[in-house]
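What follows is a set of notes on a single structure, which appears directly below.
The values are calculated or read from the model by the stated rules, or taken from the named source; none is laboratory data. Because the structure is a prediction, the values reported are computed rather than measured. Don't worry about glycine lacking a Cβ; one is built from the backbone with ideal geometry, like all the others, and counts go over all protein chains shown. Just the protein is used for accessible areas: all its heavy atoms, side chains included, with ligands, DNA and RNA removed. Shrake-Rupley method; radii C 1.70, N 1.55, O 1.52, S 1.80 Å.
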Amino acid sequence: MAIELFHHPFSRAATVVWMLEEIGVPYTLTFVDFASMQHKSPEMVARNPMGKLPTLVDDGQVVTETAAIGLYLADRYAVGRLAPTTDDPTRGTSLRWSLYAPSVIEPGCAAHAGKWEARAGAVGWGTYEHMLGTITAAIHGGASAADPGPWLLGARFTMADVIFGATVRYMRRFNMLDATPAITEYIERISDRPAARAADAINARIVAERGLGR
Ligand SMILES: N[C@@H](CCC(=O)N[C@@H](CS)C(=O)NCC(=O)O)C(=O)O
């Protein structure tokens, strides 16, 4: 097993570090220099035609797209723990919120921040307000009324919380999502996970070592 993550701490690859820390597998980080446009080099574009991070290579297999990387890693290395098994009925809920993050939250927040004109019935996020209410219900509700959180699947933390939670945290960081009490509390909860703290420390160390953001 050889997992290599092409990484820059100011990118969504920072979230993948958190995923890898949750899983607990060995991995290496390869720094990709945004300043010199290394992410657009022929080698990087050969791996990811978008020329974007994160890009992960596992035993020669390339995986891109943050949500896909999370689902892939959980299925491959933490099934039954961070990914419900295929015969577990809660797998549907896990997939649902994992895909909601890139397909609804990201464009919904971008549309709101960019004041895009969009017809609610024609776009996946409907309206910003409707999306905000759905996020709030998901992070409050847990899997059922009988199992009210603290995670998306109720008492059980899964990769869905990393994918969904990191997206919510990212959108808040760029002020593209309202800081409602439920969202603020959820971000505090996910950020307090030992693996999230470890990832934040790794990303911060790389920022300091490389003098980024100065
Ligand atoms: N849909 C992709 C988005 C990837 C993405 O936009 N990455 C940004 C950093 S967070 C990037 O590489 N930007 C550099 C560029 O496009 O030049 C994902 O979820 O992984």
Checklist line | From the options R197, R172, residue that is basic (K, R) and either assigned to a loop (DSSP other than H, G, I, E, B) or surrounded by fewer than 16 Cβ atoms within 10 Å (Cβ to Cβ) (or both) | finding: R197
Item checked: Which listed residue, of A208, A182, A166, is in contact with a Ser or Thr (Cβ under 7 Å, 6 or more places away or on another chain), without any contact (Cβ under 8 Å) to a residue 60 or more places away in the chain and either part of a helix (DSSP H, G or I) or under 19 Å from I23 (Cα atoms) (or both) -> A182
Notebook entry, point to check: Would it be correct to say that V45 is closer than 14 Å to I3 by Cβ, within 16 Å of the ligand (Cβ to nearest atom) and either at pLDDT 95 or above or out of contact with any helix residue (DSSP H, G or I) (no Cβ under 7 Å at 6 or more places or on another chain) (or both)?
Noted result: no
Notebook entry, point to check: If you check S94 against the conditions, is it exposed (fewer than 14 other Cβ atoms within 10 Å of the Cβ) and within 27 Å of V17 (Cα to Cα)?
Noted result: no
Check: Counting only residues that are within 12 Å of the ligand (Cβ to nearest atom) and surrounded by fewer than 17 Cβ atoms within 10 Å (Cβ to Cβ), which one in the stretch 23-35 is farthest from P84 (Cα to Cα)?
Finding: A35
Next item on the list: Look at A113 and say whether it is open to solvent by less than 40 Å² (accessible area, probe 1.4 Å), among the small types (G, A, S) and at pLDDT 95 or above.
Entry: no
Next item on the list: Check L5, L53 and return the single one that is farther than 21 Å from V168 by Cβ, over 12 Å from the mean Cα position of the chain (by Cα) and within 13 Å of the ligand (Cβ to nearest atom).
Entry: L5
Notebook entry, point to check: When only residues in the stretch 56-70 that are open to solvent by 40 Å² or more (accessible area, probe 1.4 Å) and within 18 Å of T15 (Cα to Cα) count, which is nearest to the ligand (Cβ to nearest atom)?
Noted result: E65
Next item on the list: For M44, indicate whether it is crowded, with 17+ Cβ neighbours inside 10 Å and of a type in the set (A, V, I, L, M).
Entry: yes
